[in-house]
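The values are calculated or read from the model by the stated rules, or taken from the named source; none is laboratory data. Quick caveat: nothing in here was measured; it's all calculated off a predicted structure. Cβ sites come from the backbone with ideal geometry, for glycine too, and all protein chains shown count toward neighbours. Surface accessibility is based on the protein's heavy atoms, side chains included, excluding ligands, DNA and RNA. Shrake-Rupley method; radii C 1.70, N 1.55, O 1.52, S 1.80 Å.
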Amino acid sequence: MITDMDQRRTFAIRTLGCKINQYESQALREAWLARGWSEVDMRRARVVLFNSCAVTADAVRTLRGQVRQVHRVNQEAEIVITGCAAQVLSAELADLVDMARVVLVNQPRKAGLASYPDIGPALPKSAFPPLCISDFKRARPVLKIQDGCSHGCTYCIVPQGRGPSRSRPMADILAEARRLLASGFREIILGGINLRHFGRDLPGAPDLWDLLAVLDSELAPEWAGRARLRLSSLDPAQLGGKALDTLAASRLVCPHLHLSLQSLSPEILRSMGRGHYAPEEIEGFLRELERVWPTFALGADLLVGFPGETDGHFEQTLTALDRLPLTYAHVFPYSKRPGTRAASMANQVSTREKKERVGQLRALADKRKAAFMRHLLTRDKLAVIMEKPGRKAELSGICEFYVECSFASPPGQAGFKALACGRPLAVADGRMILAPGIEHP
């Protein structure tokens, strides 16, 4: 029987934006559950938390629409907006705050509102957030190892919301990895806002590659072949001899890199505040990596239509990208973010031009993805982390090469979070179709 007190201690969470937001939502979920609260459907929740994103204008529009939707179906709920948009766009969200029972967490709490449970005292932005997880809603949990960014790209609003770079102690990272593996997860994504900055503020100033070596040394004796690590987005400037040696030695890291390229025009990169890497250096590293990983997935983030980007600049990006062993890409049109230097730059690119250029890069990425999937058909097997069945009750998941896979028939007793192998049979609807294999221990 649910009492009035039980009803007052219910919550729901909606997460928008990046993998780090997913991690933080899970950490809040676990903290609230530990304090005796219950997670329910948003239509019945006393508190509905939105963990927001401010990276693009579309992310903010999505937030506004979802907040209004929840307010319509649950007018008794206290709607709490946290995350980057709450931190840096409070004026833009003012009309939402004017609605009854909506509060931004970076503003003074309204009388009678903000009844959500505290998780401890507020910390300065120089401190690493004291949140941790032992579970995750998805089959492949994110393990947050770094927060904030001290670089300052001219288009990016994230440093305003998250503050300077802070690193998580390696002992805490290792402990959380062990907890997640003990909970049955078989792939862990190492995530952060800017992994190039990891370790600069830790004793001895280790970098990401030092961390990977430690994780491999501590975890691989038990977990090699049974579980794996995946790297989230990397700055191309992280790629060099040390990276190559570490990836060659690792027994846990997936053969997959995702690079924050943004552009491959040197002039546009300098204008973006990203002149610290060169396209030819990236190409050279990837040629060397092919000796370590004969087959690997390569993804890229690309920002199209940056102020001042001419047809010639875009052609540089298109040509250089065509030389890389790309297997997929996330392509975004540039959008002005308040308070960033790029927002006031001259020679803003028209919406029409941005749309055309986005289409060209996405067409190239689609072509490369299709070719890569045909190549995967030649492999004897793929190792898949099983997701929860979708609406069609299909058994599917993500393989080591970051490609969605579905099984032609059930792979033994493999269930959510399991690592199961199957032989590639065909490509259909952008997925690999696999013959059933066996579940890993």
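Numerical summary
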item	result
Tabulated pairs, segment 401-429, first within 27 Å of LEU257 (Cα to Cα) and open to solvent by 10 Å² or more (accessible area, probe 1.4 Å), second of a type in the set (Gly, Ala, Ser) and not in a strand (DSSP E or B), C-beta under 8 angstrom, 6+ apart or interchain	GLU404/GLY430; PHE416/ALA139; LYS417/ALA139; LYS417/GLY184; LEU425/ALA408; VAL427/ALA370
Residue that is surrounded by the most Cβ atoms within 10 Å (Cβ to Cβ), among those in segment 335-371 that are of a type in the set (A, V, I, L, M) and either part of a loop (DSSP other than H, G, I, E, B) or modelled with pLDDT under 95 (or both)	VAL349
Candidates ILE438, ILE398, filtered to the one that is at pLDDT below 95 and either open to solvent by less than 50 Å² (accessible area, probe 1.4 Å) or under 23 Å from ARG140 (Cβ atoms) (or both)	ILE438
Hits in segment 184-226 (condition: assigned to a loop (DSSP other than H, G, I, E, B) and either within 21 Å of the chain's Cα centre (by Cα) or farther than 30 Å from ARG162 by Cα (or both))	GLY184, PHE185, ARG186, GLY192, ILE193, ASN194, PHE198, GLY199, ASP207, GLY225, ARG226
Single match in SER232, SER217 (criterion: in contact with a Gly (Cβ under 9 Å, 6 or more places away or on another chain), polar (S, T, N, Q) and closer than 26 Å to ALA171 by Cβ)	SER232
Wholly within segment 1-74, helices (runs of 4 or more DSSP H) carrying at least 3 residues that are of a type in the set (Gly, Ala, Ser) and more than 19 Å from MET99 (Cβ to Cβ)	19-34
Some residue of segment 254-274 being surrounded by fewer than 22 Cβ atoms within 10 Å (Cβ to Cβ) and of a type in the set (A, V, I, L, M)	no
Candidates ALA320, ALA343, ALA370 - the one that is within 24 Å of ILE433 (Cβ to Cβ) and hydrophobic (A, V, I, L, M, F, W, C)	ALA370
Any hit, segment 199-206, residues being surrounded by fewer than 22 Cβ atoms within 10 Å (Cβ to Cβ) and closer than 30 Å to MET345 by Cβ	yes
Pick from segment 59-69, criterion modelled with pLDDT of 90 or more and in contact with a helix residue (DSSP H, G or I) (Cβ under 8 Å, 6 or more places away or on another chain), ranking: most open to solvent (accessible area, probe 1.4 Å)	ARG68
Total residues in segment 70-91, condition in contact with a Ser or Thr (Cβ under 7 Å, 6 or more places away or on another chain) and either hydrophobic (A, V, I, L, M, F, W, C) or open to solvent by 20 Å² or more (accessible area, probe 1.4 Å) (or both)	5
Residue selected from segment 32-58 under the condition surrounded by fewer than 20 Cβ atoms within 10 Å (Cβ to Cβ) and over 16 Å from VAL80 (Cα atoms), by the criterion nearest to the chain's Cα centre (by Cα)	THR56
Residue count for segment 257-279, restricted to those that are touching a residue at least 12 places away in the same chain (Cβ under 8 Å), closer than 22 Å to GLN360 by Cα and of a type outside the set (Gly, Ala, Ser)	10
Filter result (crowded, with 20+ Cβ neighbours inside 10 Å, over 15 Å from the mean Cα position of the chain (by Cα), within 30 Å of ALA224 (Cα to Cα) and in contact (Cβ under 8 Å) with a residue 40 or more places away in the chain) within segment 146-172	ARG166, ARG168, MET170
Answer residue from segment 280-305, given it is more than 24 Å from ARG230 (Cα to Cα) and outside any strand (DSSP E or B) and is least open to solvent (accessible area, probe 1.4 Å) among those	GLY305
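Yes/no per residue for (1) part of a loop (DSSP other than H, G, I, E, B); (2) over 21 Å from GLY17 (Cα atoms); (3) not small (Gly, Ala, Ser):
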| site | (1), (2), (3) |
| --- | --- |
| CYS156 | yes, no, yes |
| ALA171 | no, yes, no |
| LEU174 | no, yes, yes |
| ALA177 | no, yes, no |
